[in-house]
Amino acid sequence: MAGRVGFVLGFIAVVFVHHAAAQKVHVVGETTGWTIPSTETFYSEWADKNTFAVGDSLSFKFLTGAHDVLQVPKESFEACNSDKAIGSALTTGPATVKLDTAGVHYFICTVGKHCLGGQKLAVTVSSSSTTPGGAVSPSPSTSEEPSTTANSPSSSVPKSGETPAAPAPSSSTAVMATIYVTLSAFVMNLLF
């Protein structure tokens, strides 16, 4: 019986360690937040210092009305425009974006000429947390001013006057909670 209890407790520990390592929230720009940076390479340098994996999230800290966040394809990122936007601009700060696919993800601020001033971010997301992530260097600036319109299938932007909701827990969080509760019940059954 002691062997079974040890096995179950060991399994619970592995589940917790896996869960802790599986998802990370990256605060974009750390203490600087999401703003017009002091250099055009600020966000690419920040991204180079971090590792991004599927399941992680980016937290863009900015004042509502001063900035926004829009995911765009590479061409729009390089040109600093919202053509072919992926989702709608997130206009209420702070905003959190879940990195749910591997590959390079591009984000810009569409307010004024902020993107042209370097307020843009490219992150490389790996399918595992052990592969180093990074950024794509920003291209030279153009004089085109970005549009503030975004077409979106998948973003959850609150309507005017609404309070933004907290991000929903991921399916892996729900699975881990279920496993924990089930194993806890099993251990209690074995002990008592």
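The values are calculated or read from the model by the stated rules, or taken from the named source; none is laboratory data. Note that the coordinates shown come from a computational prediction; the quantities given were computed from them, not determined experimentally. As a convention, Cβ positions derive from the backbone with ideal geometry for all residues, glycine included, and neighbour counts pool all protein chains shown. For the accessible areas, the whole protein counts, side chains as well, though only heavy atoms, and no ligand, DNA or RNA atoms are used. Shrake-Rupley method; radii C 1.70, N 1.55, O 1.52, S 1.80 Å.
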Query raised in the report: From the list 56, 48, which residue is at pLDDT 95 or above, open to solvent by less than 20 Å² (accessible area, probe 1.4 Å) and of a type in the set (Asp, Glu)?
Result: 56
Report summary line: Residues in region 97-117 that are buried (at least 19 other Cβ atoms within 10 Å of the Cβ) and of a type in the set (Ser, Thr, Tyr) total 2
Report task. Please indicate, with yes or no, whether at least one residue in region 59-75 is of a type in the set (Val, Ile, Thr), in contact with a Gly (Cβ under 7 Å, 6 or more places away or on another chain) and surrounded by fewer than 22 Cβ atoms within 10 Å (Cβ to Cβ). Result -> yes
Report summary line: Checked region 80-96 for anything of a type outside the set (S, T, N, Q), on the phi < 0 side of the Ramachandran plot and surrounded by 18 or more Cβ atoms within 10 Å (Cβ to Cβ); matches are 85, 86, 89, 90, 93, 95
